[in-house]
Amino acid sequence: MALGTGWVVDWVRASAEVVKEHRTELVRLDREIGDGDHGENLDRGFSAVVAKLDGIEADATPGAVLKLVATTLISTVGGASGPLLGTAYLKGAGAAGAATELDADALVAVLTAARDGVVLRGKAESGDKTMVDAWTPAVDAAAAARDAGGSEAEVLAAAADAAEAGAAATEPWVARKGRASYLGERAIGHRDPGAQSSSLILRAAADTAAAQTAAATEG
Amino acid sequence: MALGTGWVVDWVRASAEVVKEHRTELVRLDREIGDGDHGENLDRGFSAVVAKLDGIEADATPGAVLKLVATTLISTVGGASGPLLGTAYLKGAGAAGAATELDADALVAVLTAARDGVVLRGKAESGDKTMVDAWTPAVDAAAAARDAGGSEAEVLAAAADAAEAGAAATEPWVARKGRASYLGERAIGHRDPGAQSSSLILRAAADTAAAQTAAATEG
Amino acid sequence: MKKLINDPRAVVDEAVAGIAAAHKGLLVVQTDPTFIARADAPTKGKVGLVSGGGSGHEPLHGGFVGYGMLDAAVPGAVFTSPTPDPILAATKAVDGGAGVLHIVKNYTGDVLNFETAADLASAEDIEVRSVIVDDDVAVKDSLYTAGRRGVAGTVLVEKIAGAAAERGDSLDAVAAIAEKVNGQVRSMGMALTAPIVPHAGEPSFDIAEDEIEIGIGIHGEPGRVRIPLEPADAIVDRLLDPILEDLPFQSGDKVLLFVNGMGGTPLVELYIAFRRAAEVLEGKGIEVTRTLVGNYVTSLEMQGFSISVLKLDDELTELWDAPVQTAALRWGR
Amino acid sequence: MKKLINDPRAVVDEAVAGIAAAHKGLLVVQTDPTFIARADAPTKGKVGLVSGGGSGHEPLHGGFVGYGMLDAAVPGAVFTSPTPDPILAATKAVDGGAGVLHIVKNYTGDVLNFETAADLASAEDIEVRSVIVDDDVAVKDSLYTAGRRGVAGTVLVEKIAGAAAERGDSLDAVAAIAEKVNGQVRSMGMALTAPIVPHAGEPSFDIAEDEIEIGIGIHGEPGRVRIPLEPADAIVDRLLDPILEDLPFQSGDKVLLFVNGMGGTPLVELYIAFRRAAEVLEGKGIEVTRTLVGNYVTSLEMQGFSISVLKLDDELTELWDAPVQTAALRWGR
Ligand SMILES: Nc1ncnc2c1ncn2[C@@H]1O[C@H](COP(=O)(O)OP(=O)(O)O)[C@@H](O)[C@H]1O
Ligand SMILES: Nc1ncnc2c1ncn2[C@@H]1O[C@H](COP(=O)(O)OP(=O)(O)O)[C@@H](O)[C@H]1O
Ligand SMILES: [Mg+2]
Ligand SMILES: [Mg+2]
Ligand SMILES: [Mg+2]
Ligand SMILES: [Mg+2]
C-alpha cells in the first residue's frame, strides 16, 4: 500500500517519541566518543518539529511535510547532526516531489536522496563510523526489497533492519569523520551515536508503515 | 635542677620533632574549624628554627635562644599562629633575661610572660577557644607546682598536663577568636588546633626537662 | 551534578541575559534568534567579524565582542554549534557594507552551520568570507580525521583579525590576516577532570584520581591518550614538544605564549605552567615577546589547560597591541 | 589530589615566577623576601599601596599590581598570611615619600603580620596607614567573633584607593577613600565544593553531592550553614538579602554589582547568577551603574561565588572609571 501524508506525519511523530525515549542512551553513546549532546540535540529538534505538525495544511504532500522537518531540524538542532539530518530530509523531500503518495519506488528514491544528501554535506564514506553507515545499508536493502517485489512496509522494514545492523557494525571501527575521529583507536568498541539514531528513525518509519498497512487491511 | 641553654635547645628540637610528627593531625584539626594550614605553618617555622640552632654561640643564654626562636617563627610562620607564638617566645625571652639557668621561679616567669604576650597580641580571653586555653591553665598549674615546691621538671610536667587538659577542654566550645569564630555553633565538637599544638610544645618542654634531670642524676 | 544553574535547558538563555546585564553599553543581546553584538554595530565601512559555536567555552565568544575584536558572537546550546538562523541574523546585523568574516572553529557542526548561514547571507547580497581555525596539534590533519580542531588559538585569530578590521582593512585583507594567524599558531591541551554538560548531568568522561587526559578538545571529548598524573613541568613539556615541532618553531622566533585555563583550573596553577613553558622556550632560543594567561577558551568546569604558541612578526605584534575593548580582553581604551 | 603543580611546597614560588614571566614590563618580582611590585616603583610623591595575604586567591593580590591600583603585593604561603619581613620590604620598595597604605583583609593573621610590618616601617621613618577590609556579612561583627572577614570587596577597595593615589591624594585622603569603600561594600559567598590546599592534599571540608555551604570565606573554611542544593536564583536571593539589609541599600541607590567566582566556577554560571542579582536589585529600585563579573578573589579550585554590592557616589564612580593597568583589571590605558 502506497504511503501518504498521514504516514509521513505518523513517522515523524514516532521518530520524535523514539528519540525522546532513547535520549539518554544517545547522550551516553555520544559521551563515550563525542561530546555528549546527540540525544539532546535530536530531542530538541524533533520536539520542535512535532510542535509544527499541527500547523500543516490539510492538503500538504509528503514532500511538503518532509521539507518542514528538514527546515525545522536545520534551524533547531545545530551541531553536526542538524545540518546532516536536515539535508537528508531536504533531499528526501526533493525526491518525493509533488507526489501525494509514495510507493516502493518512491520510497527507495526518497531514502537514496536522503543518504546522498548526508554524503554530499558530510563527505563521509562507508566505514567512516558515521550515520552514513546506517543509511547506506538501509538504502541498499530497501532497493533490494523493492526489486524483490516487496510492499512499501516491507521495503521500509528491510531498510530498518539493515540500518540497525549497520549501526551495530560501527562498534569495532575507528572513526574517520566527526568528533569520534579525534579519538583514534579509543573509538573502538563504541557504537556511533548518529548511526544509532538514524537506525531508530528508520525503524520508526517501518513500524508506522506496518501499522498503517495493518489498519488499512482491517478497515 | 635548674635548666640551662642545653635544655632550651633540646626543647626546641623536640618541639620541631613533635610538630613534624603531628603535622597531619594539626592540619586536620585546622581543616575542621579553620583553613587547614596550622600543622604546615608550625612545621615550616620550627624547621627553620632548627636550621638556625647550629649557628648559636657557645655562650648563648636561654633567653638568647628563646629570642632566636621568636624572630624565626615570626619571620617564617605567618598566619595567626606566627605572630602569636612568636610573641610568646619573645616575651618569654624577655622574662628569661640574661640568666644562664632557669629555676622553677624563672620558668614560671617565662611561661607567664609568654602567655601574656599571646593575650596582648591576640586579645583572646580564656574560653575563646584559642591557644590561650592551653597556655593559661599551663601557667596556673606551673605556678601551683612551683608554690608546692616542685622541681623544674615537675613544674613543666604540671604545665604540660594542664595544657593538654586545656586543649581537650576546648572541644565542646564555640570559638570567639580566630577563624573558628566564623563557624558559630559548627565549631562545637572540634579541638582548637593552636591549643593542641601549644600543648604538644609544652609536653616537649616537660619531657626534655625530665630527660635532662634523669641524665644529671645518673651522671 | 552540582551547578550554579536553574534549569539545564535554560543555561544559555540565562547566561546570555547575564552577559547583557553585565556589559550594557558594550554589548546588545538579540533573542529569537539569539546573538550578541557590539552596542554600536554595524560600523559603516568596517568589515564585520562574526564568530560563534557551542556555549560552555565562556568568555569565548561573547566576551570578545567589542571594539577591536568581534562584532557579533553566536552562542549555540552547550557544546553544540548554533544553527544557521542566528548566524545569518548576526551576519546581517553587523554588515557595515564592507562584508563579513566568519571565524569558525573546525568542527563538523560549526563548519556546516556557518556554511549554510554564509550561503543564505550571500543570497541576500552580503559578502561573506570564512576562516576555519584548526590549531590543535593533538589531532592529525589527515584523511582519517575530521581535521585539526579549533581550540584556544581562536582568541588570537579573533583579536588580531579584529584589529585589522578596525584599522580599515578590506574583507580579503582581514581574512588573509586571520588565515595567517591560524597558520602560525599551534595549541595542545590536557585535562585533569571532565566537564559536566548540564543536560547530560554526568561527567563527559570518567577518569581516575591518578590519571590525566592528554590532547583533549574543548567539548569534554576524551583526549588522545590517558596517562598517569605527572608533575606540571612534565605535562608542559609533553604539550610543548608537539607544538614546537609542528610549525616548526625555531631559535630566533619571536612568539606570543598563551596559557589557557579550561575553566576549573585555578590561576595559580596556570602561572606554574606558564613559568615552565616560558623557561623551555627561552632554552630553545625562542623569544616570548607577548603573553596571555587565563581562562579564555574554557570547557565548563573542566580542570586542565592548553598551551598555544603564535609566531609573531611586526605586523601581528602591532595588531595584537592595538586597542581592544571587550568584556574579557581589554587594553588601550 | 589532582593538581597542576610540581611540589606542594613550591607552589607559591613557582607561581610567582610565572607571574613575573607573564607580566614583564608591568611587574617585577623580588625574592628573599618575596613580593611583587610595579615595574616602575616607587612613584615619587605618590602614596604607595601595599596589599597581600595568603596565596591561592589569585589574581588577588599580584594581579592587581600596576598603574592605578596596587604598588606591591605580598603573597604568603597558600591561605597563610605573609610574615612581616616581605611586607616590610615591599613597603620600603614602594615608598615614594608620600607614605604607604596597607590594605589588609580582616583575618587575625593578616592583621597581626601587617601590624608588625607597619611598626617596623615606622621605625624606619616610613609613614604607614592601614585599612582593614571587612565586607563579609556572613560573619557578625561582634565580641563573639574575630569580626567580619575581608573578601571580594577587597578588589574594589584596591581599585578605588589606587585611583585616588594615582590622582595625587595624600596618605590620609587615600586611607579615607579606602575606608569609605569598605564602609559601603557588603559581600557574601557560597560554595558548591571545597578547595584542596596543596600541602593538605585533601578537600578543606567534606560536602555531599546535594549540599552547598552558605556564608563561606575564601580559605576553605566551612560556611555558616550547610543546606541542600538549590537553584541558582534561590541561592542568589539567599546571599543578596543579608547584603542589602546590612548597609542597608535602598531604592534610589546607585551601586556597583560584583559577582565573583571562587576559581572553579565556569563563567557561564557566574553570568546566570549575575542576571538574577541584577534583576533583584532592579526590582528594589537599586540602580546597577557599574558591574564586575569574573574570578577575582578566588579560593583555589573551589566552585562557588560571592556577590558584592558597593554603594556608589560620583566620586567613587569616577575613581572606579579611572584608568587601571594591571594583569587582571585593565581599562583606559
Ligand atoms: N562528516 C559526517 N558525515 C556524516 N555523519 C557525520 C559526520 N560528522 C558527524 N556525523 C554524525 O553526527 C553524529 C554526531 O552528532 P551530534 O552529536 O548531534 O553533533 P556534534 O558532533 O556536533 O556534537 C555522529 O555520531 C555521526 O554519526
Ligand atoms: N586572637 C587569637 N588569640 C590567640 N590565639 C589565636 C587567636 N586567633 C587565632 N589563634 C590561634 O591560632 C590558631 C590558628 O593558627 P594558624 O592556623 O596557624 O593560623 P591561621 O588561622 O591564620 O590559618 C588557632 O587554632 C588559635 O589557637
Ligand atoms: Mg555530539
Ligand atoms: Mg590555619
Ligand atoms: Mg556537539
Ligand atoms: Mg591560614
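The values are calculated or read from the model by the stated rules, or taken from the named source; none is laboratory data. On a predicted model such as this, the values are computed, not experimentally measured, just so you know. All Cβ positions, glycine included, derive from the backbone under ideal geometry; neighbour counts span all protein chains shown. The area values use the complete protein model at the heavy-atom level, side chains included, leaving out ligands, DNA and RNA. Shrake-Rupley method; radii C 1.70, N 1.55, O 1.52, S 1.80 Å.
Please determine, by comparing only the residues of the stretch A:11-21 that are out of contact with any strand residue (DSSP E or B) (no Cβ under 9 Å at 6 or more places or on another chain) and under 22 Å from A:ALA153 (Cα atoms), which one is most open to solvent (accessible area, probe 1.4 Å). Spell out the reasoning first.
Quick first cut of the stretch A:11-21, residues out of contact with any strand residue (DSSP E or B) (no Cβ under 9 Å at 6 or more places or on another chain) only: A:12-21.
Adding the requirement that they be under 22 Å from A:ALA153 (Cα atoms) leaves A:12-19.
Numbers: A:VAL12: 2, A:ARG13: 87, A:ALA14: 24, A:SER15: 1, A:ALA16: 12, A:GLU17: 123, A:VAL18: 26, A:VAL19: 1 Å².
Of everything passing the filter in the stretch A:11-21, A:GLU17 is most open to solvent (accessible area, probe 1.4 Å).
Does at least one position in the stretch D:87-109 carry a residue that is within 11 Å of another protein chain (Cβ to nearest Cβ), among the acidic types (Asp, Glu) and away from ligand 4 (no atom under 15 Å from the Cβ)?
No, because not a single residue in the stretch D:87-109 is within 11 Å of another protein chain (Cβ to nearest Cβ), among the acidic types (Asp, Glu) and away from ligand 4 (no atom under 15 Å from the Cβ).
How many of the residues in the stretch D:131-150 are touching a helix residue (DSSP H, G or I) at 6+ places or on another chain (Cβ under 6 Å) and free of Cβ contacts under 8 Å to residues at least 40 places away in the same chain? Spell out the reasoning first.
At the first step, the residues of the stretch D:131-150 found to be touching a helix residue (DSSP H, G or I) at 6+ places or on another chain (Cβ under 6 Å) are D:131, D:133, D:135, D:137, D:139, D:145-146.
If we keep only those that are free of Cβ contacts under 8 Å to residues at least 40 places away in the same chain as well, we get D:145.
Residues flagged as touching a helix residue (DSSP H, G or I) at 6+ places or on another chain (Cβ under 6 Å) and free of Cβ contacts under 8 Å to residues at least 40 places away in the same chain within the stretch D:131-150 amount to 1.
What's the number of the only condition in (1) open to solvent by less than 10 Å² (accessible area, probe 1.4 Å); (2) within 14 Å of chain B (Cβ to nearest Cβ); (3) within 30 Å of D:GLN250 (Cα to Cα) that D:HIS219 fails to meet?
Status for D:HIS219: all satisfied but (3).
Within the stretch C:303-316, is even one residue closer than 27 Å to C:LEU27 by Cβ and either part of a loop (DSSP other than H, G, I, E, B) or open to solvent by 20 Å² or more (accessible area, probe 1.4 Å) (or both)?
No - not one qualifying residue is present in the stretch C:303-316.
Of all residues in the stretch C:222-253, count the ones that are open to solvent by less than 20 Å² (accessible area, probe 1.4 Å) and assigned to a loop (DSSP other than H, G, I, E, B).
Matching residues across the stretch C:222-253 total 4.
Would the stretch C:239-254 turn up any residue that is modelled with pLDDT of 95 or more, more than 9 Å from chain D (Cβ to nearest Cβ) and within 16 Å of the chain's Cα centre (by Cα)? Please lay out each step first, then the result.
Within the stretch C:239-254, the first condition is being modelled with pLDDT of 95 or more, and the residues that meet it are C:239-254.
Filter once more, so that each one left must be more than 9 Å from chain D (Cβ to nearest Cβ): C:239-254.
Applying the additional criterion that residues be within 16 Å of the chain's Cα centre (by Cα) yields none.
No, the conditions are met nowhere in the stretch C:239-254.
Counting just the residues of the stretch B:40-91 that are of a type in the set (Gly, Ala, Ser), more than 14 Å from the chain's Cα centre (by Cα) and surrounded by 21 or more Cβ atoms within 10 Å (Cβ to Cβ), which one comes out farthest from ligand 3 (Cβ to nearest atom)?
Filtering first and then ranking leaves B:GLY63.
For (1) among the hydroxyl-bearing types (Ser, Thr, Tyr); (2) more than 14 Å from chain D (Cβ to nearest Cβ); (3) closer than 18 Å to C:VAL131 by Cβ, each residue gets a yes or a no:
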residue	(1), (2), (3)
C:MET1	no, no, no
C:PRO8	no, no, no
C:VAL16	no, no, no
C:ILE19	no, no, no
C:PHE35	no, yes, no
C:ALA41	no, yes, no
C:LYS44	no, yes, no
C:SER51	yes, yes, yes
C:VAL78	no, no, no
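Would you mind finding the one in C:GLY99, C:GLY153 that is away from ligand 2 (no atom under 16 Å from the Cβ) and either of a type in the set (Asp, Glu) or more than 15 Å from the chain's Cα centre (by Cα) (or both)? Reasoning before the result, please.
Values: C:GLY153 fails: either of a type in the set (Asp, Glu) or more than 15 Å from the chain's Cα centre (by Cα) (or both).
After ruling out the rest, the residue left standing is C:GLY99.
Please work out if C:PRO82 is crowded, with 24+ Cβ neighbours inside 10 Å, more than 16 Å from ligand 4 (Cβ to nearest atom) and more than 14 Å from chain D (Cβ to nearest Cβ). Step through it out loud before you land on a result.
Working: crowded, with 24+ Cβ neighbours inside 10 Å: yes; more than 16 Å from ligand 4 (Cβ to nearest atom): yes; more than 14 Å from chain D (Cβ to nearest Cβ): yes.
So C:PRO82 fits the description; yes.
Go through the residues of the stretch C:42-51 one by one and say whether even a single one is open to solvent by 20 Å² or more (accessible area, probe 1.4 Å) and outside any loop (DSSP other than H, G, I, E, B). First the steps, then the outcome.
Taking the stretch C:42-51 as the starting set, the residues that turn out to be open to solvent by 20 Å² or more (accessible area, probe 1.4 Å) are C:42-45.
Narrowing further to those that are outside any loop (DSSP other than H, G, I, E, B): none.
No: zero hits.
Only one of D:LEU240, D:LEU247, D:LEU229, D:LEU256 is without any contact (Cβ under 8 Å) to a residue 40 or more places away in the chain and among the hydrophobic types (A, V, I, L, M, F, W, C). Can you tell me which?
On the way: D:LEU240 fails: without any contact (Cβ under 8 Å) to a residue 40 or more places away in the chain; D:LEU247 fails: without any contact (Cβ under 8 Å) to a residue 40 or more places away in the chain; D:LEU256 fails: without any contact (Cβ under 8 Å) to a residue 40 or more places away in the chain.
From the options D:LEU240, D:LEU247, D:LEU229, D:LEU256, the qualifying one is D:LEU229.
Working only within the stretch B:59-80, note down all residues that are away from ligand 6 (no atom under 16 Å from the Cβ) and closer than 20 Å to D:VAL104 by Cβ. Please lay out each step first, then the result.
Going residue by residue through the stretch B:59-80, those that are away from ligand 6 (no atom under 16 Å from the Cβ) are B:59-72, B:75.
Hit for the stretch B:59-80 is B:SER75, nothing else.
Select from the stretch D:167-182 the residues that are of a type outside the set (Asp, Glu), assigned to a helix (DSSP H, G or I) and open to solvent by 40 Å² or more (accessible area, probe 1.4 Å) and list them in ascending order.
Residues of the stretch D:167-182 of a type outside the set (Asp, Glu): D:167-168, D:170-171, D:173-178, D:180-182.
Filter again for assigned to a helix (DSSP H, G or I), leaving D:171, D:173-178, D:180-182.
Of everything in the stretch D:167-182, those that are of a type outside the set (Asp, Glu), assigned to a helix (DSSP H, G or I) and open to solvent by 40 Å² or more (accessible area, probe 1.4 Å) turn out to be D:ALA176, D:LYS180.
Do you know which residues across the stretch B:37-56 are within 16 Å of ligand 4 (Cβ to nearest atom), within 14 Å of chain D (Cβ to nearest Cβ) and out of contact with any strand residue (DSSP E or B) (no Cβ under 9 Å at 6 or more places or on another chain)?
Just the residues of the stretch B:37-56 that are within 16 Å of ligand 4 (Cβ to nearest atom), to begin with: B:37-46.
Of the ones still in play, those that are also within 14 Å of chain D (Cβ to nearest Cβ) are B:37-45.
B:HIS38, B:GLY39, B:LEU42, B:ASP43, B:GLY45, listed by residue number.
So C:ALA277 passes all but one of these: (1) in a helix (DSSP H, G or I); (2) open to solvent by 10 Å² or more (accessible area, probe 1.4 Å). Which condition number does it fail?
(2)
If A:THR24 satisfies every condition in (1) within 16 Å of ligand 3 (Cβ to nearest atom); (2) within 11 Å of chain C (Cβ to nearest Cβ); (3) open to solvent by less than 10 Å² (accessible area, probe 1.4 Å) but one, which is the exception?
(3)
Output yes when any residue across the stretch B:68-87 is closer than 26 Å to D:GLY54 by Cα, more than 14 Å from chain D (Cβ to nearest Cβ) and at pLDDT 95 or above, and no when none is. Quick ask: steps written out before the conclusion?
So in the stretch B:68-87, the residues closer than 26 Å to D:GLY54 by Cα come out as B:68-87.
Remaining after also requiring more than 14 Å from chain D (Cβ to nearest Cβ): B:68-69.
Now narrow it down to the ones that are at pLDDT 95 or above: B:68-69.
Yes, the conditions are met somewhere in the stretch B:68-87.
Being assigned to a strand (DSSP E or B) and either over 20 Å from C:VAL12 (Cα atoms) or open to solvent by less than 30 Å² (accessible area, probe 1.4 Å) (or both) narrows it down to one of C:LEU101, C:LEU60, C:LEU88, C:LEU112, so name that one. Reasoning before the result, please.
Details: C:LEU60 fails: assigned to a strand (DSSP E or B); C:LEU88 fails: assigned to a strand (DSSP E or B); C:LEU112 fails: assigned to a strand (DSSP E or B).
Going through C:LEU101, C:LEU60, C:LEU88, C:LEU112 in turn, just one is assigned to a strand (DSSP E or B) and either over 20 Å from C:VAL12 (Cα atoms) or open to solvent by less than 30 Å² (accessible area, probe 1.4 Å) (or both): C:LEU101.
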